[in-house]
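K.L.:
If you scroll down you'll find the structure; I have some questions about it.
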Amino acid sequence: MCKYSFNSERKAVPSWDGKEFHFLKNNDMIDFHRSLSGYKPTPFIELTNTSNDLGTGEILAKDESGRFGIKAFKALGASYAIFRVLKKIWEEKYSTGFDFQSFRDEEKLDKLGKFTFCAASDGNHGRAVAWTSKMLGHNSVIFMPSETVSSRIKNIESESGKVVIIDGTYDDCVRVASEEAAKNGWYEIADTAYPGYTDIPSWVLNGYSTLFREMEEKVSEYNIGKNDFIFLQAGAGAFAASGASWLIKQLGSDRPKIVIVEPLEASCYLESIIEGKAVATKGKMETIMAGLNCGVPSIIAWPILKDTADLFITISDDYAKEAMRRYASEGITSGESGASGLAGLIALMTDKTLEQAKSKIGIGKNSKIIVVNTEGDTDPENYKKIIGSK
Ligand SMILES: Cc1ncc(COP(=O)(O)O)c(C=O)c1O
């Protein structure tokens, strides 16, 4: 079973002139990432069998499972945000520049001192914060929901991150991370924004744009345009908003149609678009798509998705499993949240409850489609169970 809503607020070309959108003008993210050791653009792969089976045009999958060796796109956001935090501290303290080289300059880093970065996470963002902190010789503390599986905890500990389990959801962890940061003098590197805290999450959102920048050549080679589609999965929404704002910059009103995909039981964007304002989900917040199990839209992502997305759909876990198997059959390792964009496409093409949405949006054999596999097998045990089960 799936649900959907079209977006009556969508604008052909949004005008994001307000102060709250200034961060979208930042443009140095890809050069920053290129300066990091281990940087390599991730592959963009055509899923030939899947497009034949579903009856669509070409499906292009951007595969983030190998990003920086930590199995998810999230390192792009955490590293850029931590760079911007250190740059701000340095420039306020010494009134001289802090550039990409400074980020790897041990003398400068020593002069700045040791910091603790903290974050709430279902797994991937926490690992990315811990990975960046370890690279720089700083400490990290990651607050995780009680449902977290042990492999995701170990992933963070393997990057020297300290894990604190909170009896609650991802959103409870965000609250605790913010309180603990204030109490202990730590820097909170959140991937979601809330009232009074927007700068750092906006840098996280900026950082994700590198993966979209890497697609530019292929997007023009395949002549992706307004009759085509991009499926973007949303948790708190920064990933999808990063993609949507990049599409506006790149293609304006000729952008492909944007379909936002969420779990059935954690669908704060679908519920918000129906209500006409950002609201918390009324869902049970039970899903195997752990990275999408967020109850509240990020206040910087919500206005961007409200202005740009065409359709919001929610899917059951079975579609995520089917998409993981599909990816595997095309040679790509994809975890539960990673596969959810493709899962949304499969649902839109095949689920009875989405038949009207499918015909109204006009997806079919002439539509070219972009999906992003945002993670590899971040929970290897469950991955084996799902892939081995068919
Ligand atoms: C693999 C994966 N995909 C997608 C997302 C969604 O990102 P956002 O919370 O920015 O919507 C996450 C978030 O943790 C994730 O881990």
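K.L.:
Would you check if there is a residue in segment 64-83 being at positive phi, free of Cβ contacts under 8 Å to residues at least 60 places away in the same chain and surrounded by fewer than 16 Cβ atoms within 10 Å (Cβ to Cβ)?
P.N.:
Yes.
K.L.:
Okay, next question. Which residues, taken from segment 34-61, are touching a Leu at 6+ places or on another chain (Cβ under 6 Å) and crowded, with 22+ Cβ neighbours inside 10 Å?
P.N.:
Those that are touching a Leu at 6+ places or on another chain (Cβ under 6 Å) and crowded, with 22+ Cβ neighbours inside 10 Å: Ile59, Ala61.
K.L.:
Within segment 119-146, track down each residue that is within 14 Å of Val163 (Cβ to Cβ) and among the polar types (S, T, N, Q).
P.N.:
Residues satisfying the conditions are Ser121, Asn124, Ser133, Asn139, Ser140, Ser146.
K.L.:
For segment 230-248, state whether one or more residues are surrounded by fewer than 24 Cβ atoms within 10 Å (Cβ to Cβ) and free of Cβ contacts under 8 Å to residues at least 40 places away in the same chain.
P.N.:
yes
K.L.:
Let me ask something additional. Here are Ser146, Ser133, Ser150: which of them is crowded, with 24+ Cβ neighbours inside 10 Å and out of contact with any Pro (no Cβ under 6 Å at 6 or more places or on another chain)?
P.N.:
Unique residue meeting the criteria: Ser133.
K.L.:
Of all residues in segment 209-227, which are over 14 Å from Gly341 (Cβ atoms) and not polar (S, T, N, Q)?
P.N.:
Arg213, Glu214, Glu216, Glu217, Lys218, Val219, Glu221, Tyr222, Ile224, Gly225, Lys226
K.L.:
Right, something else. With a cut-off of at least 2 residues that are over 23 Å from the mean Cα position of the chain (by Cα), name the helices (runs of 4 or more DSSP H) lying wholly within segment 6-106.
P.N.:
Qualifying helices (runs of 4 or more DSSP H): 48-54, 75-94.
K.L.:
If you don't mind, another one. Between residues in segment 167-184 that are buried (at least 20 other Cβ atoms within 10 Å of the Cβ) and residues that are modelled with pLDDT of 95 or more and basic (Lys, Arg), which pairs lie under 7 Å by C-beta distance while being six or more apart or on different chains?
P.N.:
Once the first residue is buried (at least 20 other Cβ atoms within 10 Å of the Cβ) and sits in segment 167-184, no partner that is modelled with pLDDT of 95 or more and basic (Lys, Arg) comes close enough.
K.L.:
Considering only segment 339-390, state which residues are away from the ligand (no atom under 16 Å from the Cβ), charged (D, E, K, R) and within 24 Å of Gly291 (Cβ to Cβ).
P.N.:
Within segment 339-390, Asp351, Glu381, Lys384, Lys385, Lys390 qualify.
K.L.:
Could you say whether any residue in segment 90-99 is among the basic types (Lys, Arg), at pLDDT 95 or above and not assigned by TED's automatic domain parsing to the domain that holds Ser340?
P.N.:
yes
K.L.:
Checking the structure you have, find out if any residue of segment 221-228 is out of contact with any helix residue (DSSP H, G or I) (no Cβ under 6 Å at 6 or more places or on another chain) and among the charged types (D, E, K, R).
P.N.:
Scanning segment 221-228 turns up at least one residue that is out of contact with any helix residue (DSSP H, G or I) (no Cβ under 6 Å at 6 or more places or on another chain) and among the charged types (D, E, K, R).
K.L.:
Within segment 236-268, how many residues are more than 15 Å from the ligand (Cβ to nearest atom) and under 22 Å from Leu76 (Cβ atoms)?
P.N.:
7
K.L.:
Quickly run through segment 239-276 and pick out the residues that are at positive phi and either assigned to a helix (DSSP H, G or I) or under 15 Å from the mean Cα position of the chain (by Cα) (or both).
P.N.:
Gly252
K.L.:
Also: Under the condition of being among the β-branched types (Val, Ile, Thr) and closer than 16 Å to Ala241 by Cα, which residue from segment 271-300 is farthest from the ligand (Cβ to nearest atom)?
P.N.:
Ile273
K.L.:
Please tell me if Phe23 is assigned by TED's automatic domain parsing to the domain that holds Pro303, in contact with a helix residue (DSSP H, G or I) (Cβ under 8 Å, 6 or more places away or on another chain), in contact (Cβ under 8 Å) with a residue 12 or more places away in the chain and aromatic (Phe, Trp, Tyr).
P.N.:
Criteria met by Phe23.
The values are calculated or read from the model by the stated rules, or taken from the named source; none is laboratory data. On a predicted model such as this, the values are computed, not experimentally measured, just so you know. Neighbour counts run over all protein chains shown; Cβ positions are idealised from the backbone, glycine included.
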